[in-house]
Amino acid sequence: MPFVIVPTALYSKPDLAEMLQPFGIDVDHFLARIQCVKRFRSAWLGEDLLEAIRKTTPLAGQGEKDLPEVTVRKRRNPKSSLIGGVFSPAELGISRP
C-alpha cells in the first residue's frame, strides 16, 4: 500500500493516523520526527508535510555517528556540605555544656 500525500490537501491528525497505521508508525512520533510547520489549528497542508519529510535526516545515518565523549568528575568536599553528611557539633554551632 503506497503512502500518498497530495500537496494541495489538508490532513488532520486522525487522517494521518489512519494513513500511517499500515506501516506501524505512531502519528505523534511521526509529527515530532518530521517537525512539520503547522499553519492551521487542526490540520497540516500536504505540501508542508512533503517538505518536512524531505528535510528530515534518515534514521540509518544515526548509527554511524560517533557518540560524544562523556567525562565524569567526582567532587569531594572534606567538610561534607551535602545533605546527609556527617557534621561535628562545633560545625553546627552547638556547644556542649
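The values are calculated or read from the model by the stated rules, or taken from the named source; none is laboratory data. Values in this document were obtained by computation on a predicted structure and should not be read as measured data. Ideal geometry is used to build each Cβ from the backbone, glycine not excepted, and the neighbour counts take in all protein chains shown.
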How about the range 34-49: which of its residues are of a type in the set (V, I, T) and either in contact with an Asp or Glu (Cβ under 8 Å, 6 or more places away or on another chain) or at pLDDT below 85 (or both)? V37
Kindly evaluate F87 against the criterion of being at pLDDT below 65 and surrounded by 10 or more Cβ atoms within 10 Å (Cβ to Cβ). yes
Hey, does the range 50-65 have a residue that's touching a Phe, Trp or Tyr at 6+ places or on another chain (Cβ under 8 Å), surrounded by fewer than 11 Cβ atoms within 10 Å (Cβ to Cβ), modelled with pLDDT of 75 or more and in a helix (DSSP H, G or I)? no
Any chance the range 2-19 includes a residue that's out of contact with any Lys or Arg (no Cβ under 6 Å at 6 or more places or on another chain), in a helix (DSSP H, G or I), of a type in the set (A, V, I, L, M, F, W, C) and modelled with pLDDT of 90 or more? yes
Can you give me the number of residues within the range 36-49 that are in a helix (DSSP H, G or I) and free of Cβ contacts under 8 Å to residues at least 24 places away in the same chain? 1
